[in-house]
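Structure first, commentary second.
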Amino acid sequence: MKYVYVLTSTPKDLYYEQALMSLYSLRLYMKEAEVIVLVDDKTMETLTEENKRSALKKYASRIIAIPFDEKITNIERSRLIKTAIPQYIDGSFLYIDCDTIIAGDLSSIEKEPFETAGVLDGHVMLQDHIHQKAFIARDKKLGFHGTRAAGCNINGGVILANEGEATKALFKAWNEAWKFSAYKKGDFHDQSALNEANYRTGMKMGHLDGIWNCQPSHGGLAFLKDAKIIHYYSSEFSGKNYVPYYKLADKNLQTRIKESGELPDDVIAMIAEPKFQFNPVHIINDSRIVSIMQSPLVFTLADIKKGLPFLFNFMEGVAAFIRKCGKLVAGKR
């Protein structure tokens, strides 16, 4: 079994640093494993000591550079490589996103009975997913049917692909669906295309246990104790107001890695105990509030509080008064 990463990165972003942490963490448990990093030609040119981006070579068995036309953007390069992995390597493999930390020996993945498989996004079926409406709306826009037909959305962060026709068919369909999504519809997400590819190839993808792609911010805490791979979603932390729940996802920490070109001692210590690296968070256990956390109304209120605090205070006072009156009326019934 090969372990495969896809990296497209420049010295200006933090994707290399995330990949470095993930590969280092994998090597803690699997020193002899074949670990392959697929990169584009531009990324390969930056993996030098001069750029402080050479440490990755210590942990990768091979780094394979794939040439592209100069006009192709990094996000396109990433998706085009990821959706066509069987074109670049032979045999069975486990694909792993760069924004992950390996938390245990991965070799038992070879015992899984599936030809192709992944973990449910959010660790739930579609009917229970907080982004159910968004998934269905995106599929509708793209003319896809995969998510609704399967009743779930398989996360693309970790994919088991055993050698065989099922893997070839899935990735061929994924590559085609993504190209259509990106170049015909302007949607560069790869997960909707993955689920469409699964649908087009007979929905043969199996469902791996959540330990193989533990998503702590998306219902993954139930799998954290036995987690093999912790997926912390670097894309979530792009918002200027976002507070990372996972310490190793912190941009300041990753910037320190960039500046030194190596993993600092304190980061190495954190990677050695990956299941305990959480920042203090506010836990919301009211189902009514959880159900609207992604509502535009909630974000609008947050913007008002930050930009027009006096207006927010007024609105809050009015709402509190109405709520109090409502309780009084209800109490008299």
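Could you tally the net charge around Gln132, taking each other residue with its Cβ under 14 Å from the Cβ of Gln132, Lys/Arg +1 and Asp/Glu -1?
+1
Would you mind computing, in nm to one decimal, how far apart the modelled labels at Ala149 and Ser295 are, each placed 7 Å from Cα along Cα→Cβ?
3.4
State the Cα centre-to-centre distance between the stretch 71-91 and the stretch 156-226 in whole Å.
Cα centroid of the stretch 71-91 versus Cα centroid of the stretch 156-226: 14 Å apart.
In square angstrom, what is the accessible area per residue of the chain with a 1.4 angstrom probe?
53
Angle check, please: helix 191-200 long axis (alpha carbons) against the longest principal axis of the chain (alpha carbons), in degrees 0 to 90, nearest 10.
With rounding to tens, the tilt is 70 degrees.
Taking every pair of Cα atoms in the stretch 65-144, average 1/r, invert it to obtain the Kirkwood radius, and report Rg/Rh to two decimals.
Across the stretch 65-144, the Cα-based Rg/Rh ratio is 1.02.
Contact order normalised by length for the chain, with contacts defined as Cα pairs under 8 Å and 6 or more residues apart; what percent is it?
For the chain, the relative contact order is 18 percent.
Using the per-residue mean of other Cβ atoms lying within 10 Å as a proxy for protection, in what order, highest first, do the peptides 134-146, 303-315, 4-16 fall?
Output ranking for 134-146, 303-315, 4-16: 4-16, 134-146, 303-315.
Once you have a ≥ b ≥ c as the square roots of the Cα gyration tensor eigenvalues for the stretch 1-145, tell me rounded if a/c is under 1.5, and otherwise prolate or oblate according to whether a/b is larger than b/c.
Since a/c reaches 1.5 but b/c is at least a/b, the shape of the stretch 1-145 is classed as oblate.
For the stretch 102-154, what is one quarter of the convex hull surface built on the Cα atoms, given in nm²?
Its average projected convex-hull area is 5.0 nm².
How high is the FRET efficiency between Asn252 and His207 when r is their beta carbon distance and R₀ equals 51 Å, given to the nearest 0.05?
That pair, Asn252 with His207, gives E of 0.90.
Mind jotting down the distance between the C-alpha centroids of the stretch 1-64 and the stretch 248-324, whole Å?
Using only Cα atoms to place each centre, the spacing works out to 30 Å.
List the aspartates and glutamates whose alpha-carbon lies under 13 Å from that of Lys275, not counting same-chain residues fewer than 8 positions away?
Straight-line reach from Lys275, under 13 Å: Asp226.
Please report the spacing between the Cα centers of the stretch 130-155 and the stretch 105-125 in Å, no decimals.
20
Modelling each spin label as a point 7 Å along the Cα-to-Cβ direction, I'd like the Ser260/Lys133 distance in nm, to one decimal.
The answer from the label model is 4.6 nm.
For the charge dipole of the chain, defined by +1 on Lys and Arg C-beta atoms and -1 on Asp and Glu C-beta atoms about the Cα centroid, which residue among Thr8, Gly220, Ile268 has the Cα displaced farthest towards the positive pole?
Of the listed residues, the answer is Gly220.
Over the chain, what percent of the accessible surface lies on carbon and sulfur atoms, probe 1.4 Å?
Ligands and nucleic acids excluded, carbon and sulfur give 56 percent.
Using a cut-off of 17 Å between alpha-carbon atoms, which lysines can reach Lys179, once sequence neighbours fewer than 8 places away in the same chain are excluded?
Lys71, Lys82, Lys140, Lys141, Lys168
Considering the dipole of the chain built from charges on the beta carbon (Lys and Arg +1, Asp and Glu -1) around the Cα centre, which of Asn155, Val37, Leu20 is farthest to its positive end?
Of the options given, the answer is Asn155.
Calculated from DSSP H runs of 4 or more alone, at -39500 (n - 2.57) each and per residue, what is the 222 nm mean residue ellipticity of the chain, nearest 500?
Here the helix-only value at 222 nm equals -12000 deg cm²/dmol.
So for the chain: antiparallel DSSP bridges make up what percent, rounded to the nearest 5?
Of those bridges, close to 40 percent are antiparallel.
Using only the Cα atoms of the stretch 153-241, build the gyration tensor, take square roots of its eigenvalues as a ≥ b ≥ c, and label the shape rounded, prolate or oblate: rounded if a/c is under 1.5, else prolate if a/b is larger than b/c, else oblate.
Since a/c reaches 1.5 but b/c is at least a/b, the shape of the stretch 153-241 is classed as oblate.
Charges only on Cβ, +1 for Lys and Arg, -1 for Asp and Glu: so what's the dipole of the chain about the Cα centre, in debye to the nearest 20?
1580
State the label only: which of (i) 73, 48, 42; (ii) 66, 52, 40; (iii) 100, 41, 31 corresponds to Cα extents along the principal axes in Å computed from the shown model?
(i)
The values are calculated or read from the model by the stated rules, or taken from the named source; none is laboratory data. Remember, it's a predicted structure, so these values are computed and weren't measured experimentally. We place every Cβ from the backbone using ideal geometry, glycine too, and count neighbours over all the protein chains shown. SASA here: full protein model, heavy atoms, side chains in, ligands and nucleic acids out. Shrake-Rupley method; radii C 1.70, N 1.55, O 1.52, S 1.80 Å.
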